[in-house]
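The values are calculated or read from the model by the stated rules, or taken from the named source; none is laboratory data. The model shown is predicted, which means the values in this text are computed figures rather than measured ones. FYI the Cβ positions are ideal-geometry reconstructions off the backbone, even for glycines, and counts take in every protein chain you see.
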Ligand SMILES: NC(=O)c1ccc[n+]([C@@H]2O[C@H](COP(=O)([O-])OP(=O)(O)OC[C@H]3O[C@@H](n4cnc5c(N)ncnc54)[C@H](OP(=O)(O)O)[C@@H]3O)[C@@H](O)[C@H]2O)c1
């Protein structure tokens, strides 16, 4: 987050022709170029095994991807034509990596670049090991400039495989070279959590067990498993969402105030939260799987009817958990984590419920009219927040109505950068604040790994509902907080 400069460099995308590259990375680079956030001298080298691609076809692919994302051809044509290149890695033999190194050196020489290199690994996890060792064996894990490596999730399948992956990366790269992407951290509204907490002292002074009753982090997806069944059926909601995205949000919400906003101090505070988590108890978890139903009035199939899903799959598409942080700030405050596919609509929202008044001073016919104050932070869509406070209902001496004091990003700001745009720029600046440290990955797995071995019941819920009724106890008050769902 510090305001570092973007230096001239080579941005090398392993998997440059793949889905992630086309949908997210190349458009992010295009937008950065169009907004003049890039160095005058950044060159992009796409890499894949495909031997039919060349510089020209990769430039076309980059242009297409950028235009499909909403950029205009005239904004990016010059950039793509001059700065995009392609190299095949063949079948990954040592000679392929030697040739790659020669190509990097040639590009640097031709364009007067220092040997500053980012290797973005947008390739299947199974290929990571060979690629990392290939790069290292050809001496590309170091250079006379800087070398950075970007790793995409999943960061392991369980604690053991995550440990192996961390060990593999550490064998060749130092932690300060490694940028693990959790794209949630690149979202403007997620970064705003830091500003919200540490730029507004009124909230920070209330941000503890004395004033907060409970916290809920909900990530609801309208979509089903789509074309990702092959991956998702082996992963499920716990691995796909909870272990990474929801837990990252939890650490940002719960961490202590760092001395400065910088990679070392922010990540250190997040790791401390993870080390303070109490073990999760079986009674504090409910899993669910969607059956057929309707979303926005349209019928949709159940999970077991989706293409690529086994007929007797017990993979969870919904998870609700209660977790607790055993430290002085949070002891006794439940944090509810909830996520599911085929919910009524897409919504990522954090609810913070403050403690209610110790004595009720206003009632209607003997029923207390005072409700606890709640703060809703909406991360997507319609980003913003609302603080719900009680006001006197006109005409009644003691009735209290909850009204929101609210703010919406779109009402104030025109342009909210995409997560990948922010993250790519941070990689180029060498700022690791929004990237996940290996200790965070391992600590998060320490928390969730035991759940992977439980024989848990997976409750059905109809698509278009908010999950199984059995999970209702694992929420502040799903109905009240998500009334406008
Ligand atoms: N797609 C997403 O939205 C998304 C989101 C989050 C994380 N990810 C992660 O990002 C990675 C890539 O996902 P993807 O969806 O883009 O996969 P994909 O569409 O299958 O693309 C894979 C790319 O990697 C290339 N490739 C495969 N093996 C390679 C190797 N050994 N060396 C160099 N290039 C190789 C492929 O081209 P060739 O076949 O020609 O080699 C292709 O360009 C995965 O780890 C995935 O988990 C993806």
| request: Return only the number of the condition from (1) surrounded by fewer than 20 Cβ atoms within 10 Å (Cβ to Cβ); (2) touching a strand residue (DSSP E or B) at 6+ places or on another chain (Cβ under 8 Å) that residue 163 does not satisfy. | output: (2)
| From the set of residues in the range 136-146 that are exposed (fewer than 15 other Cβ atoms within 10 Å of the Cβ) and assigned to a loop (DSSP other than H, G, I, E, B), which is nearest to the ligand (Cβ to nearest atom)? | 139
| task | Filter the range 31-53 down to the residues that are modelled with pLDDT of 95 or more and surrounded by 21 or more Cβ atoms within 10 Å (Cβ to Cβ), then identify the one that is nearest to the ligand (Cβ to nearest atom). | result | 48
| note | Among 75, 7, the single one that is over 23 Å from residue 108 (Cβ atoms) and away from the ligand (no atom under 16 Å from the Cβ) is 75
| Is it the case that residue 223 is more than 30 Å from residue 289 (Cα to Cα) and either within 16 Å of the ligand (Cβ to nearest atom) or at pLDDT below 95 (or both)? | no
| field | Residue among 123, 151 that alone is crowded, with 16+ Cβ neighbours inside 10 Å, modelled with pLDDT of 95 or more, closer than 18 Å to residue 439 by Cβ and within 15 Å of the ligand (Cβ to nearest atom) | value | 151
| request: Those residues that are surrounded by 24 or more Cβ atoms within 10 Å (Cβ to Cβ) and more than 19 Å from residue 77 (Cα to Cα), I need them from the range 14-26; list them, please. | output: 14
| message | Here are the criteria: (1) outside any helix (DSSP H, G or I); (2) in contact (Cβ under 8 Å) with a residue 12 or more places away in the chain; (3) surrounded by 14 or more Cβ atoms within 10 Å (Cβ to Cβ). Tell me which single one residue 133 does not satisfy. | response | (1)
| field | Among residues of the range 99-116, those that are touching a residue at least 24 places away in the same chain (Cβ under 8 Å) and within 16 Å of the ligand (Cβ to nearest atom), counted | value | 4
| field | Hits in the range 108-128 - residues which are assigned to a loop (DSSP other than H, G, I, E, B) and within 22 Å of the chain's Cα centre (by Cα) | value | 122, 123, 124
| request: Tell me which residues, restricted to the range 48-62, are assigned to a loop (DSSP other than H, G, I, E, B) and in contact (Cβ under 8 Å) with a residue 12 or more places away in the chain. | output: 49, 50, 51, 53, 54
